[in-house]
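The values are calculated or read from the model by the stated rules, or taken from the named source; none is laboratory data. Worth saying up front: this structure is predicted, and the values here are computed from it rather than measured. Cβ atoms come from the backbone with ideal geometry, glycine included; neighbour counts cover every protein chain shown.
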Amino acid sequence: MKPKRILKPPFFEIGPKSYLYGDDVLNLAMIADKAAEKYRVNILFTTPLVELRRVAENCRHLFVLAPHMDFLSPGRGLADVLPESLAAAGAAGVMLNHIEKPVPLDTLEHTLRRADELGLLTVVCTGTIEQAIAAACLHPDVIVAEPAAQIGTGKASDMSWVKASIDAVKAMDPKILVLQGAGISNGEDVYKVIFAGAEATGSSSGVVKAPNREVMVDEMISSVRQAWDDRQKKQ
């Protein structure tokens, strides 16, 4: 088993989902790669599966994630996502249980164990506090806490949700990193969430639908750095 890459806060997740394909995915990844280096912020880039190897081979600073995987082992299986194939393609980790690709809890547990076997970072999405607690019992590396109703709306979570979800996860396992997502549309949203106590946040539509993606990525990642630094000064 290869060791997992070490992920430290603050960090940010960018996921083009199916908004982008082909060269547009790689172009966005390279923009994110430069911002990660410039601001010393770890960026998780959840890429469409067919672009994973190309992104991994062209970006030095990103944690490249697959958007899903199955828990099968090498052998029979058609059209499933083999964990070993992701590791061989250069994935640093995998995102699981997104609202657009949910999996049952028992399946999630098996898939997390397979990821651990291969040294893949595990990121589990949850839409409620109860789901976050259940996921925390399985001890992934990162839990994404994003109210399902706010995904893609451009309306960020209120700060009471940010605190409640962090407290719930950390009570189960203080080692789990918590990413506060959903509705992040600009640098101001990013700053508020990080300064309020989140270790990370992220954006999909807020980045890919921006008039200038490079400007928006720079704005968001610079806000991560500024909010984190300001928070450290306050403590």
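Points to keep in mind about this one:
- Among the residues examined, LEU120 qualifies as of a type outside the set (S, T, N, Q) and surrounded by 23 or more Cβ atoms within 10 Å (Cβ to Cβ).
- Test: residue in segment 161-178 that is within 18 Å of SER222 (Cβ to Cβ) and of a type in the set (D, E, K, R): no
- Helices (runs of 4 or more DSSP H) (entirely within segment 125-235) containing at least 1 residues that are modelled with pLDDT of 90 or more and more than 23 Å from LEU62 (Cα to Cα): 129-136, 159-172, 187-195, 213-234
- All conditions but one from (1) buried (at least 19 other Cβ atoms within 10 Å of the Cβ); (2) in contact (Cβ under 8 Å) with a residue 40 or more places away in the chain; (3) of a type in the set (D, E, K, R) apply to LYS209; the one that does not is (1).
- Test: PHE63 is within 15 Å of the chain's Cα centre (by Cα), more than 21 Å from GLY127 (Cα to Cα) and aromatic (Phe, Trp, Tyr): yes
- Residue that is surrounded by the fewest Cβ atoms within 10 Å (Cβ to Cβ), among those in segment 31-47 that are part of a helix (DSSP H, G or I) and among the basic types (Lys, Arg): LYS38
- Check on LYS4, touching a residue at least 40 places away in the same chain (Cβ under 8 Å), under 16 Å from VAL123 (Cα atoms), surrounded by fewer than 19 Cβ atoms within 10 Å (Cβ to Cβ) and touching a strand residue (DSSP E or B) at 6+ places or on another chain (Cβ under 8 Å): yes
- Flag if HIS68 is in a loop (DSSP other than H, G, I, E, B), free of Cβ contacts under 8 Å to residues at least 40 places away in the same chain and of a type outside the set (D, E, K, R): yes
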